[in-house]
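Visitor: This is the structure I want to talk about, given as structure tokens.
The values are calculated or read from the model by the stated rules, or taken from the named source; none is laboratory data. Only a predicted model underlies this, so the values are computations on that prediction, with no experimental measurement involved. Positions of Cβ are generated from backbone atoms using ideal geometry, with glycine treated the same way; all protein chains shown enter the neighbour counts. To get the accessible areas, we keep the full protein, side chains included, count just its heavy atoms, and leave off ligands, DNA and RNA. Shrake-Rupley method; radii C 1.70, N 1.55, O 1.52, S 1.80 Å.
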Amino acid sequence: MNLRDFEEDNAKSCVIGSDVPGVTKGEPCCLGIDEAGRGPVLGPMVYGICYCPLSGQDRLKDMGFADSKTLSEEQREKLFEAIAGAGEFMGWTIHILAPNAISNCMLRRSKYNLNTLSHDTAIGLIQRTLDSGVNLQEVYVDTVGDASKYQDKLKGIFPDLDITVTPKADSKFPIVSAASICAKVSRDRAVKGWGFFEETESNKISRQFGSGYPSDPETKKWLASMVEPVFGFTQFVRFSWSTAGKILDDKAVTVNWDDEDEDEKAATPSVLSFFAAKGEDPKQKKHQYFQERFLHSVTDFGS
């Protein structure tokens, strides 16, 4: 798994995947979807998918997949190596959602919450797999929000697929467990290798930030020590999380946005009026380029 594209610019989200096994373009296939890093206030959230022929599901069981959260980092790494080594029948894709990209989405004027972002990411990965030529028939998804509503949503978009959305899908279906491994391993590597572009020789950034979860005292302590009064947090922080917001309220400079009311707007002269002679309509004033060359608008094309 090469995260170079993301590491070079971790302000942007990034999609990375394996080659598509030839067998998956012919045989009917199943696909699993899971995520890692939904809750932390630090680092990216990663969505992972794995897919393989339906005929290979027994092989998945023999590989010993389980929910990535129940495994040690070393166990997850070994299982990912097994996935990478099974490239002749098994493919994978990850979508790394950058922390500030997540927060920018969530703070848009139009409502766009984390569930919607998660749904759209999963939909994008399914479509990407179909577009790559995989003969996809069955999809298994670890739910986000109400499972039945999410399942209906996906079936409405992909009516030709047999879709199952359920809680704890990573412990029920080996293909989802494999997707969980891909998501967790890539997030672990992204966090461990995070490049703080805000760091300078005279301003080193501590890597002692704990688990990254809002309830972790070490994470809270790191956030409080890292906030810059004017510019806020580094790109490693999801600034839309309430934990980060409270620290900004306490430690950052207050910014007041004064909205003008309609009366004030009506009374405020246009900036153009300062560049026009008295009594002249500023909107009718020609640019200096046209004045110097005595150029005028043509109104008659007579012979």
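Visitor: Rounded to the nearest 20 Debye, what is the dipole magnitude of region 84-238 about its Cα centre when Lys and Arg each give +1 and Asp and Glu each give -1 at the C-beta?
Guide: 440 debye
Visitor: Tell me, what is the per residue accessible area of region 4-192 in Å², probe radius 1.4 Å?
Guide: I get 42 Å² per residue for this part.
Visitor: Right, something else. Just checking my list [x] 22.0, 79; [y] 26.6, 88; [z] 20.1, 63 against Rg and Dmax of the Cα atoms in Å computed from this structure; which label fits?
Guide: [y]
Visitor: Another question about this same structure. What is the distance in Å between the Cα centres of region 179-235 and region 1-52?
Guide: Cα centroid to Cα centroid, the span is 21 Å.
Visitor: Sticking with this structure for a sec: Taking the square root of 5 times each eigenvalue of the Cα gyration tensor, what semi-axes in Å does the equivalent ellipsoid of region 120-235 have, largest first?
Guide: After diagonalising the Cα gyration tensor, the semi-axes are 38, 16, 14 Å.
Visitor: Expressed as an acute angle from 0 to 90° and rounded to the nearest 10, what is the orientation of the C-alpha long axis of helix 242-251 relative to the principal long axis of the chain?
Guide: That helix lies at roughly 40 degrees to the long axis.
Visitor: Rank by packing, highest mean first: peptides 86-93, 1-8, with packing defined as the count of other Cβ atoms within 10 Å averaged across residues.
Guide: Per-residue mean Cβ counts within 10 Å order the peptides as 86-93, 1-8.
Visitor: Give the angle, between 0 and 90 degrees and rounded to the nearest 10, that separates the Cα long axis of helix 73-85 from the longest principal axis of the Cα atoms of the chain.
Guide: Result, in degrees: 90.
Visitor: Angle, helix 217-226 long axis vs. longest principal axis of the chain, Cα atoms, 0 to 90°, nearest 10?
Guide: Taking Cα atoms only, the helix is inclined about 30 degrees.
Visitor: Determine the share of region 1-121's accessible area contributed by carbon and sulfur atoms, expressed in whole percent, with a 1.4 angstrom probe.
Guide: Ligands and nucleic acids excluded, carbon and sulfur give 46 percent.
Visitor: If I model a spin label at Glu77 and Leu3 as a point 7 Å from the Cα along the Cα→Cβ vector, what separation in nanometres do I get?
Guide: 1.2 nm
Visitor: Continuing with this model, one more query. Considering Cα pairs under 8 angstrom that are at least six residues apart, work out the relative contact order of region 1-112 and quote it in whole percent.
Guide: 40 percent
Visitor: Give, in nm to one decimal, the length gained when the segment between Thr70 and Lys204 is fully stretched (0.36 nm per residue of separation minus the Cα-Cα distance).
Guide: 44.9 nm
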